[in-house]
Amino acid sequence: MLGRLSFIHAMLRRLNTAITLLVKWVVVVLALGMAFCILFQIIMRYVFNNPPVWTEELALLLFSWSMLLMLAVGVREAFHVRMDLFLAWLPKTGSQVIERIIDFAIAAFGGFLAWSGAEYMEMMAGSTSAAIAYPINVLYAVAPVCGVMVFLFSLELLLDPKRFERQEDAS
């Protein structure tokens, strides 16, 4: 059983590493596109006094995707804000149990975000954005994508047998 769990964790870790690398590159491209949109908006507004209507909406779309994609990466790489003062007061076994509960709750949140985001996309099918008139589901698709990634990344944390060994060594 433990051998299968280690194999599943290793495969999940490889998959998540590839996803994380891809997401980081995508976010760089999205951030550059967002910066270009904002810069173009500023130039057109203050130099030519003729701001385009599409730049703000496109920048918001790119911002939404980049932030939610990096939110998921933050779950995997643990660079999100966290308060662990309570965990420091507990004995090692107690803090490990609480950590597992937190990982499970994060996985459940990811699953819920994926499910509810997909339902919302289904409800909004056929709608378009105001300025550019792209299908609004392009914007709303970020919720289920982020939810699936949060679920996968937190599942990797849940199945990591060496995670708590590293915590004990650091103490």
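Between Met34, Met149, Met11, the Gaussian network model of the chain with springs among Cα atoms under 10 angstrom shows the greatest mean-square fluctuation at Met11.
Exposed loop sites are taken as chymotrypsin sites (Phe, Trp or Tyr not before Pro) in a DSSP loop (any state but H, G, I, E or B) with at most 10 other beta carbon atoms within 10 Å; the longest stretch of the chain without one runs 80-171.
Rounded to the nearest 20 debye, the dipole magnitude of the chain is 340 debye, with +1 charges on Lys and Arg beta carbons, -1 on Asp and Glu beta carbons, and the Cα centre as origin. Of the trypsin sites (Lys or Arg not before Pro) in region 39-92, the ones in a loop by DSSP (not H, G, I, E or B) with at most 16 other beta carbons within 10 Å are Arg82. Arranged from fewest to most other beta-carbon atoms within 10 Å of their beta carbon, Thr55, Thr93 become Thr93, Thr55. Computed over the chain, the per-residue total of -39500 (n - 2.57) for DSSP H runs of n ≥ 4 gives a 222 nm mean residue ellipticity of -27500 deg cm²/dmol, rounded to 500. Within the chain, the selection of entire DSSP H helices by a Cα span of 27 Å or greater along the long axis and an average Kyte-Doolittle value of at least -1.0 returns 2-46, 54-77, 92-123. Overall size of region 2-170 from C-alpha positions, given as principal axis extents largest first: 64, 34, 29 Å.
Each reported figure results from applying straightforward, stated rules to the coordinates on display, with no laboratory input. No experiment lies behind these values; they were computed from the predicted model shown. Counting neighbours? That spans all protein chains shown, and the Cβs are built from the backbone with ideal geometry, glycine included.
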